[in-house]
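The values are calculated or read from the model by the stated rules, or taken from the named source; none is laboratory data. None of these values were measured; they are calculated from a predicted model. Here the Cβ positions follow ideal geometry from the backbone for every residue, glycine too, while neighbour counts run over all protein chains shown.
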Amino acid sequence: MSGLTFNRRGVWAIYCFEMARFKRTLLQSLVTPVISTALYFVVFGSAIGTRMSQVGGVPYAAFIVPGLIMLSLFTESLSNASFGIYFPKFVGTIYELLSAPISSSEIVLAYVGAAASKSILLGLVILGTAALFVPIHILHPLWMIAFLVLTAANFSLFGFITGIWAKNFDQLQFIPMLVITPLTFLGGAFYSIDMLPPAWRTVTLFNPVVYLISGFRWAFYGTSDVGVGISLGMTLGFFALCLALVAWIFRTGYRLKN
């Protein structure tokens, strides 16, 4: 295969294989986020919302919707992409993939594209579920879609890196459980960082999740904790960093060829 030739058939085969795995568990994959979203609205929307009517001029129940979507998007993108590339390593079929006439960029495109597709679908399901509880008005729908796709691609890439790094299933679960979930809850998913004391607000700004959630919330309500330009810049910067790490992994063969 020429280096300038794009192997569409190979990319499509891997993509369809990953999507088929998703279809086999479609019911539980869709029912779980619907139930979780409903529970979040019962706990946060009803219990806390009665004590905190508005945040930044937005009703609290509506304010948490972007955070709920981002929380699921982070975890689903990371989990789908990490398991997708880890399983071939676990069973040994990764060597067949590496020796196939398909480039490293095409492998990444197929796995990351499939993981991002799954998480975007789940994000839309959560958005539809949330609309049953509170009226949702999206001021900037194109920007909402852009942040949704960029975030899914970012964390799918990060998940791909995690799947290559992990040596066992315990390590595979380490990043989502002990890193991403805490960062999400501390990143303004269910509150505005303006509500924090100045010192903690400064510390929170070192959390990259803050910028992703803030930009996504701006697309809904036109209000954000940080400027939308900064949020977009941080999102693209994280994407570039993940691309650079993936390129280094394939160039060196880190935990792929040994």
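A few notes on this one:
- Filtered residues of segment 17-31 (kept if loosely packed, with under 13 Cβ neighbours inside 10 Å and in a helix (DSSP H, G or I)): A20, K23, R24, L26, L27, Q28, V31
- Within segment 130-148, being at pLDDT below 90 and buried (at least 20 other Cβ atoms within 10 Å of the Cβ) holds for one residue alone: A130.
- Taken over segment 105-118, the criterion of being among the hydroxyl-bearing types (S, T, Y) and either more than 13 Å from S82 (Cα to Cα) or not in a helix (DSSP H, G or I) (or both) is satisfied by S105, S117.
- Filter pass, S77 being within 17 Å of I14 (Cα to Cα) and buried (at least 24 other Cβ atoms within 10 Å of the Cβ): yes
- Of the residues making up segment 191-207, those that are under 20 Å from M234 (Cβ atoms), touching a residue at least 40 places away in the same chain (Cβ under 8 Å) and of a type outside the set (S, T, N, Q) are Y191, D194.
- Taken as a whole, the structure leaves F174 outside the set of residues that are in a loop (DSSP other than H, G, I, E, B), surrounded by fewer than 19 Cβ atoms within 10 Å (Cβ to Cβ), without any contact (Cβ under 8 Å) to a residue 24 or more places away in the chain and not polar (S, T, N, Q).
- Taken over segment 184-218, the criterion of being assigned to a helix (DSSP H, G or I), more than 25 Å from P141 (Cβ to Cβ) and under 20 Å from the mean Cα position of the chain (by Cα) is satisfied by F185, T204.
- Candidates T162, T151, filtered to the one that is closer than 12 Å to E76 by Cα, in contact with a helix residue (DSSP H, G or I) (Cβ under 7 Å, 6 or more places away or on another chain) and buried (at least 24 other Cβ atoms within 10 Å of the Cβ): T151
Yes/no matrix, rows are residues, columns are (1) under 24 Å from I164 (Cα atoms); (2) surrounded by 17 or more Cβ atoms within 10 Å (Cβ to Cβ); (3) of a type in the set (K, R):
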position: F206; (1), (2), (3): no, no, no
position: I213; (1), (2), (3): no, yes, no
position: F216; (1), (2), (3): no, yes, no
position: D225; (1), (2), (3): no, yes, no
position: G229; (1), (2), (3): no, no, no
position: T235; (1), (2), (3): yes, yes, no
position: C242; (1), (2), (3): yes, yes, no
position: V246; (1), (2), (3): yes, yes, no
position: K257; (1), (2), (3): yes, no, yes
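- Verdict on V42 being at pLDDT 90 or above and not polar (S, T, N, Q): no
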